[in-house]
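Working notes, structure below.
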Amino acid sequence: MVLELLDKITANKYIHSLIILAVFYAISQLFVFISKKIILRLTKKTKTEIDDLIVANTNKPISLILLLIGIRLAIIPHKIRADILGIIEHVIASLIIVIVTYIAIAVFNIIISNWGKKFASKTESKIDDEVVNLFQKFARITISFIGLIFILDAWGVKVGPLLASLGIAGLAVAFALQTTLGNIFGGISLIIDKSITVDDFIKLDDGTQGFVTDIGLRSTKIKSPDGDLIILPNGKLADSKIYNYHKPLPTTRVTVEFGVKYGSDVEKVKKIVMEQLSSMKDILKEPAPQVIFHELGEFSLKFKAFFWVSSLEKKMEAKENVATAIYNALNKNKIGIPFPTRTVYMKEEK
């Protein structure tokens, strides 16, 4: 009796469809429940929060996909005109593609945002935020475009000629934006390579020098020693030879050149200057300072004093202090510092 009743119920195509919808609705809700109560509980035990966010943002869209599959299966028992059935299938397939596209965009946004946080914690520049936003926009546009292609294909549209025309248009846009894109990718390469960071003192091969105040997506701002603001396109900066005086270490070497008159005791001069370098507070003990006699000049014996300071900011003051100390020490020890001289011989004609 029960079996006959079940046969009659299932024989009714409307009841059959309702049963299919109910089963798939229950499965979709069960999937959401398992995701929230079990899977999320497991993912919270991991060190990263990426899996938590992915599960939280994708469980409901996946449940909608299950429900759409149930709707498609519920239509099968019904005798529907082929053209109408085709439209319904195209609509359901399009909705599934839209949801899958949404899931892919959500997953990429979560991954890129999480990567961006770690990336931003290692840099002082604001460019990391712009780079993350750029990648997110690029990922959304690319995934949406791929989803649109699948939707057009589901409706029977030939996408080959469309892709060819879009490729030609893309090349034209790329050529038109060549300089802008070069600056953008130049800025990205600078921040990823970490060749320069904010507050670094740099010098380019064309003589431009100063402190880096900001690294933007398209340009970098440099404050010159005279206080002028220099704005350089990142494309040009990436292609330049850069002298970074803060890397790999902030310590920097200072050189002071001086000369003494001929006839002076070379070893005595070196000893006097070394005593001055050893007694000055801003000069590092390691690497040790050094004094060398490097040239027999036209009118003087030329020496160089080398020493290191802990940062570029101390370089100018330390150089002035050392130059002053050397001058006073040489004067105190009666060692002459000659003026530039020339000897002119006059030949008298008879």
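Just so it is clear, none of the values below were taken in a lab; they were calculated from the coordinates. Model, not experiment: these values are computed from the prediction. Neighbour counts are summed over all protein chains in view; Cβ atoms, including those assigned to glycine, are modelled from backbone coordinates with ideal geometry.
Proximity of backbone amide H atoms, modeled 1.01 Å from N, is registered between G210 and I202 at under 5 Å, excluding neighbours fewer than 5 places apart on the same chain. For the set K281/K332; K247/K319; K270/K347; K304/K334, the pairs lying more than 29 angstrom apart at their alpha carbons are K270/K347.
So what are segment 19-109's ellipsoid semi-axes, whole angstrom, largest first, if each one is the square root of 5 times an eigenvalue of the alpha-carbon gyration tensor? Intermediate results must be reported in sequence, preceding the final value.
Details: eigenvalues 200, 52, 5 Å².
So the three semi-axes of segment 19-109 are 32, 16, 5 Å.
Across segment 22-37, coupling constants 3J(HN,Hα) worked out from phi with the 6.51/-1.76/1.60 Karplus curve, θ = phi - 60°, read 5, 5, 6, 5, 5, 4, 5, 5, 5, 5, 4, 5, 5, 4, 6, 8 Hz, and Gly and Pro carry x. With neighbours defined as other Cβ atoms within 10 Å of a residue's Cβ, the residues Y262, Y102 order from fewest to most as Y262, Y102.
Distance between the pseudo-spin-label points of K347 and L148 (7 Å out from Cα toward the beta carbon): 9.0 nm. Taking amide hydrogens as placed 1.01 Å from N in the peptide plane, the amide H of T220 sits under 5 Å from those of L232, N234, each at least 5 positions away in sequence or on another chain. Calculate the translational D of segment 252-332 in whole µm² s⁻¹ from Stokes-Einstein, where the hydrodynamic radius comes from the Kirkwood formula applied to all Cα pairs, the temperature is 4 °C and the viscosity 1.567 mPa s. Using the Kirkwood radius from Cα pairs, D works out to 101 µm²/s. Amide H contacts of V198: E124, S125, each under 5 Å away and 5 or more positions distant or on a separate chain (H built 1.01 Å from N in the peptide plane; Pro and chain starts excluded). Listing D282, D153 from fewest to most neighbouring C-beta atoms within 10 Å gives D153, D282. Sequence-ordered 3J(HN,Hα) estimates for segment 315-332 from the Karplus curve with 6.51, -1.76 and 1.60 and θ = phi - 60° stand at 5, 5, 5, 5, 5, 5, 4, 5, 4, 5, 5, 5, 4, 5, 5, 5, 4, 4 Hz, glycine and proline given as x. Neighbour counting of Cβ atoms within 10 Å sorts the residues K347, K36, fewest neighbours leading, into K347, K36. Normalised by the number of residues in segment 252-332, the mean separation of alpha-carbon contacts (under 8 Å, six or more apart) gives a relative contact order of 41 percent.
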